[in-house]
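Below is one structure, written out as structure tokens; comments come after it.
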Amino acid sequence: MRAVLVKEFGSFTNCEIAELPTPQPGSGQVVIKAGAAGLNFPDLLVISGAYQILPPLPFIPGKEVAGTVMALGAGVTSLKVGDRVLANVENGAYAEEAVANAADCHRLPDSMDFATAAALGLVYQTAYLSLIDRAGYQRGETVLVTGATGAVGLATVQLARAMGATVLAGVATASKADAVRAAGAHHIIDLAAPDLRDSLREQVFALTGKHGADVLIDPVGGDIFDAALRAMAWCGRAVVVGFAAGRIPTIKANYLLVKNIAVSGLQWSDYRERVPQRVAEVQQDIFRLQQEGHFQPHIMRTLPLEGFKEGLATIQDRRVIGKIILKLD
Ligand SMILES: NC(=O)c1ccc[n+]([C@@H]2O[C@H](COP(=O)([O-])OP(=O)(O)OC[C@H]3O[C@@H](n4cnc5c(N)ncnc54)[C@H](OP(=O)(O)O)[C@@H]3O)[C@@H](O)[C@H]2O)c1
């Protein structure tokens, strides 16, 4: 089978496709014949060696794959050969065949194609867990999402809207705003406005009658996080999801006290490792919401395996809106 192979940490442009033997499932694992895999921003971090969890070299990158179960390891009773699943993996998804823990496989609705399934995985789980498990979002609250054009941000916009929120979507690249509105944002917050520290709060307060944002979901960090924290409502809850802008912000604790706000973090892979049953529930709820027609994932491009560099470059160069998918069947 063919797979993308990382032989040394560095630029993804150095990675090549290799012919490898069919993987064997370990105990509690399955092998999946891939239909589609999602490209994700963290893949860039893993390939470059900057991610918090790094595999030994050489390795196959990629954290989500949808396809058909083709082999079962010892002790697997929850799945059978032929089942159609979406699987979360630490690495190994940029391949025609992938190994996954059975506990991290989510059965697909019958009518769902593999590209849609792969697009509804990691970033929707991240958005859902941030909103519900970390922020404790309550129906009807106002949710401010930064980086709303990106994969996590757009998923958050869609899920928050489907769950009854008023959605304020922070957009730094104005030309992408229409896609964010189409995903369900009620209002666009201009993150490229001059004097963002004041202007972000002014925009949010003007739209909420000075109430502010009950929930902040922030995949961007840097100056945008600093400014967004000033736009929180009384007893607001902010969730740190990522640092796409590059700078990890620092929070002064007195600010949390004075504003009566809470800040938490979300690390998706910990949920997968520690509470796979919760991730399974979350994934089935995401599938349910999509099947009920609340949203469709915004798949910007679908590429063959050979297109992985083009896809990763699109993410790295900030040209992406939503998801890029590798079609593998
Ligand atoms: N905590 C977790 O478990 C978890 C899970 C998944 C992802 N993440 C992290 O979340 C972040 C976003 O992931 P993603 O998949 O959404 O990535 P993505 O699809 O590439 O989107 C990145 C977003 O960040 C914005 N952005 C990037 N640089 C910026 C800057 N300098 N100023 C303002 N906005 C900027 C982009 O806006 P433009 O469209 O204007 O470029 C875009 O909205 C990454 O740091 C990723 O590692 C964390």
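At a glance:
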{"read-out": "Restricting segment 102-138 to residues that are more than 15 Å from the chain's Cα centre (by Cα) and open to solvent by less than 10 Å² (accessible area, probe 1.4 Å), the residue that is nearest to GLY82 (Cα to Cα)", "value": "HIS106"}
{"read-out": "Verdict on LEU154 being open to solvent by less than 10 Å² (accessible area, probe 1.4 Å) and more than 17 Å from the chain's Cα centre (by Cα)", "value": "no"}
{"read-out": "Count of residues meeting criterion [assigned to a loop (DSSP other than H, G, I, E, B), surrounded by 19 or more Cβ atoms within 10 Å (Cβ to Cβ) and more than 13 Å from the ligand (Cβ to nearest atom)] in segment 157-186", "value": "2"}
{"read-out": "Pair list, Cβ under 7 Å, 6 or more apart: segment 22-48 residue at positive phi, other residue open to solvent by less than 30 Å² (accessible area, probe 1.4 Å)", "value": "GLY28/GLY73; GLY28/VAL76; GLY28/ALA102"}
{"read-out": "Residue ranges of helices (runs of 4 or more DSSP H) in segment 217-329 with at least 1 members crowded, with 21+ Cβ neighbours inside 10 Å and away from the ligand (no atom under 13 Å from the Cβ)", "value": "222-229, 276-291, 308-316"}
{"read-out": "Segments classed as strands (runs of 3 or more DSSP E), wholly inside segment 1-91, with at least 2 members that are closer than 20 Å to ALA117 by Cβ and touching a Lys or Arg at 6+ places or on another chain (Cβ under 8 Å)", "value": "29-39, 64-72, 84-88"}
{"read-out": "Residue match in segment 187-196 (condition: open to solvent by 10 Å² or more (accessible area, probe 1.4 Å) and either in contact with an Asp or Glu (Cβ under 8 Å, 6 or more places away or on another chain) or of a type in the set (S, T, N, Q) (or both))", "value": "yes"}
{"read-out": "Check on ARG230, basic (Lys, Arg), assigned by TED's automatic domain parsing to the domain that holds ALA245 and within 20 Å of ALA244 (Cα to Cα)", "value": "yes"}
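The values are calculated or read from the model by the stated rules, or taken from the named source; none is laboratory data. As the structure is a prediction and not an experimental result, all values here were calculated from the model. Quick reminder, even Gly has a Cβ in these numbers, built from the backbone with ideal geometry, and neighbours come from all protein chains shown. Areas reflect the complete protein model, heavy atoms only, side chains present, ligands, DNA and RNA absent. Shrake-Rupley method; radii C 1.70, N 1.55, O 1.52, S 1.80 Å.
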